[in-house]
1. Of the conditions (1) outside any loop (DSSP other than H, G, I, E, B); (2) farther than 28 Å from residue 157 by Cα, residue 43 clears all except one; give me its number.
2. Out of everything in the stretch 416-429 that is loosely packed, with under 10 Cβ neighbours inside 10 Å and assigned to a strand (DSSP E or B), what residue ends up being modelled with the lowest pLDDT?
3. Since residue 75 meets every condition but one in (1) in a loop (DSSP other than H, G, I, E, B); (2) at pLDDT 90 or above; (3) crowded, with 17+ Cβ neighbours inside 10 Å, which condition does it not meet?
4. Take the conditions outside any strand (DSSP E or B), in contact (Cβ under 8 Å) with a residue 40 or more places away in the chain and outside the structural domain of residue 189 (by TED's automatic domain parsing) and apply them to residue 292. Does it pass?
5. In the stretch 110-121, how many are under 27 Å from the mean Cα position of the chain (by Cα) and in contact (Cβ under 8 Å) with a residue 24 or more places away in the chain?
6. Quick one: would you say residue 268 is under 25 Å from the mean Cα position of the chain (by Cα), modelled with pLDDT of 85 or more and surrounded by fewer than 14 Cβ atoms within 10 Å (Cβ to Cβ)?
7. Tally the residues that are without any contact (Cβ under 8 Å) to a residue 40 or more places away in the chain and not in a loop (DSSP other than H, G, I, E, B), restricting the search to the stretch 309-336.
8. Output the residues belonging to the stretch 338-370 that are buried (at least 20 other Cβ atoms within 10 Å of the Cβ) and either touching a helix residue (DSSP H, G or I) at 6+ places or on another chain (Cβ under 7 Å) or outside any loop (DSSP other than H, G, I, E, B) (or both).
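The values are calculated or read from the model by the stated rules, or taken from the named source; none is laboratory data. In this text the structure is predicted, and so the values were computed from the model without any measurement. Methodologically, a virtual Cβ is constructed for each residue, glycine included, from the backbone with ideal geometry; neighbour enumeration extends over all protein chains shown.
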């Protein structure tokens, strides 16, 4: 229980309890999500677990070293340089000076903020704060990681890197993850604690609790807003063909001056993080329209061609090429590979031979934001194969869809029809 004293008119101070009767246990190696509206006590709970706040009642027992990424800039002295803050922060987390010096290059490489490591952190952007802070907690051999919504300010490249680290850490370590993004919570967490006005509303499987949380949120919105009714009027049938809708959306975006400067080509990143046996290499990845012209952005519904150019460095008996599109949190959204296409006629490639694979499809409707396309080449079957190159985030791109998507992706509809019937109202009722 954590009280906070607030002034209340002329009656003097009153006590407000940020948390009341909160009790749960996290097993070693478990990933727990914590969700709730603003003011529900999530950040207070994490600060108690990290021992930066002391509860007025009850106790917290933590076994192992805890590393936390709480509110932006927490644990950093704004007057110190990034380098000085790394030494101070890592020392607070239990590393000796020798251990810090041994890991310094890896920390700076992970943060990737260049010469800013020797500048005062008060000159940093919010993204640079997060880069350096996350780089430290990723290299202190923690047993428990506590992440409080901080990744929301990171760019797409760094967020992908953090999510890959988290998934690797989760194989053995314990994670407490706070986020308003229930998709990320469901993707990462096994169980979820739902806090509501300082009390535990529910604890259980991630999907079940997040579904209940969203249901309660929308129910509250409906109660607050209410429903406005007006007499029904005859309406004509309304039809929209997606092909023309996509063209109209793209034209609107081209003419929208705030967006014109940020529309960038899908650039191939040959130096992106990768792994594999290197019996083959990916030389180029592009995303083009039906005519072969590189796309500048997507709105959803376009016919696109993902083209992957590869070269075999050794003979491939059953080459498989594929791609995956991911959102900024690294969640797999959709993708495909050539295994089924070549099932009855294996695609053999001689050493030194280059080849091109094209995937043509209608782009799903993606919510506005950053996305990445991962490409890979393997040899074998769907179940048993060797990966020669898996290229993370080979292409980064943006979606500027003006459509509303209620999930991770939307379906590019061919036609939508709305029809309202005539309603007659008289003193005897409705006919």
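1. Only one criterion is unmet by residue 43, namely (2).
2. Our first condition is that a residue be loosely packed, with under 10 Cβ neighbours inside 10 Å; within the stretch 416-429, this holds for 417, 419, 421-422, 424, 426-429.
If we keep only those that are assigned to a strand (DSSP E or B) too, we end up with 417, 426, 429.
On the way: 417: 75, 426: 62, 429: 57.
Of everything passing the filter in the stretch 416-429, 429 is modelled with the lowest pLDDT.
3. The one condition residue 75 does not meet is (2).
4. no
5. Going residue by residue through the stretch 110-121, those that are under 27 Å from the mean Cα position of the chain (by Cα) are 110-114, 116-117, 121.
Adding the requirement that they be in contact (Cβ under 8 Å) with a residue 24 or more places away in the chain leaves 110-113, 116-117, 121.
Looking only at that region, the number is 7.
6. Against the criterion (under 25 Å from the mean Cα position of the chain (by Cα), modelled with pLDDT of 85 or more and surrounded by fewer than 14 Cβ atoms within 10 Å (Cβ to Cβ)), residue 268 does not qualify.
7. 3
8. 349, 357, 365
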